[in-house]
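Note sheet for the following structure.
Every number in this text was worked out from the coordinates using simple rules, so none of it is lab data. Given the structure is predicted, the values throughout are model-derived calculations rather than measurements. For neighbour counting, all protein chains shown are included, and Cβ atoms are generated from backbone atoms with ideal geometry for every residue, glycine included.
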Amino acid sequence: MIEARGLTKRYGDKVAVDDLSFTVRPGSVTGFLGPNGAGKSTTMRLLLGLDRPSSGAALVGGRRYRDHRAPLREVGALLEARAVHPGRSARAHLLALARTEGIPARRVDEVLDLVGLTAVARKRVGGFSLGMGQRLGMATALLGDPRTLLLDEPVNGLDPDGVLWIRTLLKGLAAEGRAVLVSSHLMSEMAMTADHLVVVGRGRLLADTSVSELVARTQDSAVTVRSPQAARLAVLLGGVGATARPGEGGALEVHGAPAARIGELAARHGVVLHELAERRSSLEEAYMALTRDSREYRTDAPGPAADSPATAPAGAAR
């Protein structure tokens, strides 16, 4: 289990993480979302003991990371997949890590096979593509067969087959009872992978909820209706308190009445319908609505916000 308790991190007068509390429980994939500058990477570094919190506690398995005698067996992490000596082979890199905690060499070969790198295990990492580097990062995270995983953008650089492989792998690891925290900017992928979401903005918690609950919170109730009698239907809808506006291709966009009620109204008055489709918000739309005021860059702004990377203190993570 992963716990952040009142976690705060300051870099000078910049607050990267601000009184953040959440729990990642075993048996589920928890998506860790937020705009650039939200504090996601800083939070992960705090959880892994790479930075000291200004206040609060960052715990994995009920302890600080540095207090675990065999951290690789407790926590698997992927923060910087390419943080490997380019002159080493993939197998040599993993073997060196394995020896620090008495992990047998056969486990190195197991994880290389698991991530699909057996054929290039003895090649120098410096020649690896971005996707191959990500696979090696996953092998490193899985080396100690840990109960907890913290993964920062694990699908970055992967082709569609690789993305599907990561998704299946993470779901399988969670099904085995592991706690999985994964950050990503790919909302469509999070919608298919995550069971739970922790959303942060400007270092603060914005949401700690399931995917379905977050989407439902910002549900757009618009219904698209196509009918050869659209004008008459619009009048009927106005009579029941709904609003019908012209949409694309002659369709009506209806607010204030669910699809079932619109269909019943049309049937009752003999109005022919060619299409009746209730529009459902995506996770991306829900996320964008939630984080609207927490982004460093806005398409409606003339330039970067005051705390953008150009002006943020060194060391403040995204």
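For K14, the lysines whose Cα falls under 26 Å of its own Cα, not counting residues fewer than eight places away in the same chain, are K40.
Please list 249-256, 77-84 highest first by mean number of surrounding beta-carbon atoms within 10 Å per residue.
Working: 249-256: 16.2, 77-84: 18.2.
Taking the mean over residues of other Cβ atoms within 10 Å, the ranking is 77-84, 249-256.
Taking the fewest neighbouring Cβ atoms within 10 Å as the starting point, the ordered list for M138, M192 is M192, M138.
Figure the gain on full extension for K123 and E248 (residue separation times 0.36 nm, minus the Cα-Cα span) and round it to one decimal in nm. Before the final figure, lay out the partial values.
Working: separation 125, 0.36 × 125 = 45.00 nm, distance 5.47 nm.
Full extension from K123 to E248 adds 39.5 nm.
By how many degrees, 0 to 90 and rounded to 10, does the Cα axis of helix 130-142 deviate from the longest principal axis of the chain? For 130-142 against the chain, the angle is about 70 degrees.
For the pair region 55-107 / region 117-134, the C-alpha centres are spaced 19 Å from each other. For region 223-278, the extents of the C-alpha atoms along the principal axes are 25, 20, 18 Å, listed from largest to smallest.
Counting only DSSP beta bridges with both residues in the chain, tell me the antiparallel percent, nearest 5.
Values: 31 of 49 bridges.
Bridges in the chain that DSSP calls antiparallel: roughly 65 percent.
A simple charge model with +1 on the Cβ of Lys and Arg, -1 on the Cβ of Asp and Glu and nothing else charged puts the dipole of the chain at about 900 debye relative to its Cα centre. Per residue, the convex hull spanned by the alpha carbons of region 61-105 comes to 85 Å³. Efficiency by 1/(1 + (r/R0)^6): what FRET value for A175 and S21, r their Cβ-Cβ distance, R0 = 25 Å, to the nearest 0.05? About 0.40, to the nearest 0.05. Given points 7 Å out from each Cα along the Cα-Cβ axis, report the E110 to A83 separation in nanometres with one decimal. Result for the modelled spin labels: 2.5 nm.
For the chain, the residue among M44, L72, A216 whose Cα projects farthest onto the positive side of the dipole built from Cβ charges is L72.
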